[in-house]
Amino acid sequence: MKNEYLPIKAVIEKVIVESPDAKTFILRPIDKTNHMLKHKPGQFVMLSLAGYGEAPFTYASSPIKDGVFQISVRRVGILTHALHQLKEKDIVGVRGPYGNTFPLAKIKNKDILFIAGGCGMAPLRPLIQYVFKNRKDYGRIEIIYGCRSPKDIFYKEEIKSWANNPNSSVHLTVDEPDQAWGGTCGVVCILLPKIKVNPKTSLVFLCGPGVMIKFAIKDILKLGFKENNIYASLERYMKCGIGKCGHCYIKGKYVCLDGPNFSYAQMKELGIDS
């Protein structure tokens, strides 16, 4: 019988420095027949390193055909510090994919607003890539992204390409500008007046610090967005990833199985809307 806790090996093919405390790892599962590469936007992987532990990381890339996937890791604890010391050709353990996906059928032909804070861009990136790859199937795309400073912005070159898509806009803001920054300063919510989507019919996807999500949802509700059309990722609640440990159990739901992506209406039912 397959052991659900047993990871497979994946080799690090490339390490990309995103910011002073964040890196993106391009991983290739050694077992080419494994289903790790059959993930959908919004799902996550459990990544482990012997002697340091295991943690959930949302896929930071859409499924692609060359046998690799990406995760982006901010250095915040023992495991992530150890991961940041790894180089190309080092080995990590991975298992997955786990969790639900974003409502792909629901967003077709709709306007979409993405709101990300800091490393919260990583979980949204697969869906953004998916939408731009199938651009004709969607309406207007608006992306709001806030970071602590310009040097903390993830995927800098890719973001420029998103802004060049038709009927699409990218709005950036930082808390601490440097001398070269000529853009907006402040929290993500100050950019909401710039968006050009219909709140009554558009969908919103958010990911970032809890306090950002809390206040962003309050402001987008005031604009007229519907509770069932607002989605946020709750990855931070998870532990084992497969509904066994009970760490993420909330009112009859397991965040790792029923989530990590929930509508705001669902978050209210679970009591995690504030």
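The values are calculated or read from the model by the stated rules, or taken from the named source; none is laboratory data. The structure displayed is predicted, hence computed values, not measured ones. FYI the Cβ positions are ideal-geometry reconstructions off the backbone, even for glycines, and counts take in every protein chain you see.
Numbers at a glance
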| quantity | calculated |
| --- | --- |
| Filter result (free of Cβ contacts under 8 Å to residues at least 60 places away in the same chain and in a helix (DSSP H, G or I)) within region 84-105 | 105 |
| Selected residue (criterion: modelled with the highest pLDDT) from residues of region 227-274 that are assigned to a helix (DSSP H, G or I) and under 17 Å from the mean Cα position of the chain (by Cα) | 264 |
| When residues of region 103-117 are limited to those that are touching a Lys or Arg at 6+ places or on another chain (Cβ under 8 Å) and modelled with pLDDT of 95 or more, the one nearest to residue 238 (Cα to Cα) | 112 |
| Every residue from region 201-214 that is farther than 15 Å from residue 142 by Cβ and in a loop (DSSP other than H, G, I, E, B) | 208, 209 |
| Meets criteria (of a type in the set (Gly, Ala, Ser), surrounded by 14 or more Cβ atoms within 10 Å (Cβ to Cβ) and without any contact (Cβ under 8 Å) to a residue 60 or more places away in the chain) for residue 210 | no |
| Extreme residue, surrounded by the fewest Cβ atoms within 10 Å (Cβ to Cβ), among residues of region 40-76 that are of a type in the set (Gly, Ala, Ser) and free of Cβ contacts under 8 Å to residues at least 60 places away in the same chain | 51 |
| Verdict on residue 212 being closer than 19 Å to residue 188 by Cβ, aliphatic (A, V, I, L, M) and within 17 Å of the chain's Cα centre (by Cα) | yes |
| Filter result for the condition that a residue is assigned to a helix (DSSP H, G or I) and in contact with a Leu (Cβ under 9 Å, 6 or more places away or on another chain), over 217, 190, 144, 128 | 217 |
